[in-house]
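The values are calculated or read from the model by the stated rules, or taken from the named source; none is laboratory data. None of these values were measured; they are calculated from a predicted model. Note: ideal-geometry Cβ built from the backbone for every residue, glycine included; neighbour counts use all protein chains shown. What goes into the accessible areas is simple: the full protein's heavy atoms, side chains included, and nothing from ligands, DNA or RNA. Shrake-Rupley method; radii C 1.70, N 1.55, O 1.52, S 1.80 Å.
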Amino acid sequence: MSAFSQPEIEAVYRAIEQRRDMRHFRPDPVDPDVLRRLLAAAHRAPSVGFMQPWRFIRITDADLRERIAELVEAERQRTAEAMDERKAEFLRLKVEGVHEAGELLVAALTDGRERFVFGRRTLPEMDLASVACAIQNLWLAARAEGLGMGWVSFFDPQALGRLLALPAGGHPVAVLCLGHVEAFYETPMLQQEGWAEREPLEDLVYADRWANPGGLPESVSGTEQGHHQ
């Protein structure tokens, strides 16, 4: 039961390799059954101490979506002001698809998280790490279903929390644009736009001590690049 066939293994790596942070969407609706599958995949994510701190708010009200878009635009402008010499370059980038995406979700941390001590006594941020795992599950499942998703972090969390009536202690983490796309970017959009390049894996895996090279094992087959570029 634990074995995956070679095509199944290839499909997992393909979804990881071809996942993209999408900003360009078509407005076509997402099939409700597909959306339920995606949210179920998110809910299958690992969580520290099995705390399951994720909450997803599906935005169905057009006026509410517009108010979220206004929060995102306000933060985009504030971010541009903090960019100094890269301000103009940043403003040329498309950073979200809030208006266009067929579905808009807000991922949030639940309230009452302080009661969860298992795995968090010295690392309380593991609640946020757990929500990030749920978002990644949703992202990969969406890619496998042929849907795009974009993670938007341009918002004032307190303002968004008030807008969505989050309880005290609740905390919004991400605005997620989800839906159909014309095409997936061949490479990450920020890489295509010359904003940044992907770091070489061998520079990010250390051996025994910080910044000590040699942590990446030598390839036996010489094909390790196939799924991870």
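Working with all protein chains in place, sort Thr60, Thr187, Thr79 by solvent-accessible area computed with a 1.4 Å probe, largest first.
My answer, sorted largest first, is Thr60, Thr187, Thr79.
Select from segment 137-219 those trypsin sites (Lys or Arg not before Pro) which occupy a DSSP coil region and have at most 16 other Cβ atoms within 10 Å, ordered by residue number.
Arg198, Arg209
Which is farthest toward the positive dipole end of the chain among Leu109, Trp195, Leu140, measuring Cα position about the Cα centre, with Cβ charges +1 (Lys, Arg) and -1 (Asp, Glu)?
Checked the options; the winner is Leu109.
Build a GNM of the chain with springs between Cα atoms under 10 Å: which of Leu204, Leu35, Leu71 gets the top mean-square fluctuation?
Largest GNM mean-square fluctuation: Leu204.
Defining a contact as two alpha carbons under 8 Å apart and six or more residues distant in sequence, what relative contact order in percent does the chain show?
The value is 31 percent.
In the full protein assembly as shown, how much of Asp61 is accessible to a 1.4 Å probe, in Å² to the nearest 10?
Ignoring ligands and nucleic acids, Asp61 comes out at about 80 Å².
Treating only the Cβ of Lys, Arg, Asp and Glu as charged (+1, +1, -1, -1), what charge dipole size does the chain show about its Cα centre? Round to the nearest 20 debye.
760 debye
How much of the accessible area of the chain, in percent, comes from carbon and sulfur atoms when a 1.4 Å probe is used?
Solvent-exposed carbon and sulfur of the chain make up 53 percent of the total.
Loop-only check: which chymotrypsin sites (Phe, Trp or Tyr not before Pro) in segment 1-88 are DSSP coil with at most 14 other Cβ within 10 angstrom?
Those that pass, being in a loop and sparsely packed, are Phe4.
Over segment 23-81, give the accessible area per residue in Å² for a 1.4 Å probe, as an integer.
The answer is 62 Å² per residue.
Name the residue, out of Asp208, Asp127, Asp63, whose mean-square fluctuation peaks in a Gaussian network model built on the chain with Cα pairs under 10 Å.
Result for the chain, Cα springs under 10 Å: Asp208 fluctuates most.
Choose one answer from Val30, Val106, Val205: the residue with the largest mean-square fluctuation in a GNM of the chain with alpha-carbon springs under 10 Å.
Highest fluctuation among the options: Val205.
Tell me the per residue accessible area of segment 103-229 using a 1.4 Å probe; a whole number in Å² is fine.
Here the per-residue accessible area is 59 Å².
Pick out, in residue order, every one of the chymotrypsin sites (Phe, Trp or Tyr not before Pro) in segment 148-229 that is DSSP loop and has at most 11 other C-beta atoms within 10 Å; say none if there are none.
Trp210
What are the extents of the Cα atoms of the chain along their three principal axes, listed from largest to smallest and rounded to whole Å?
56, 45, 41
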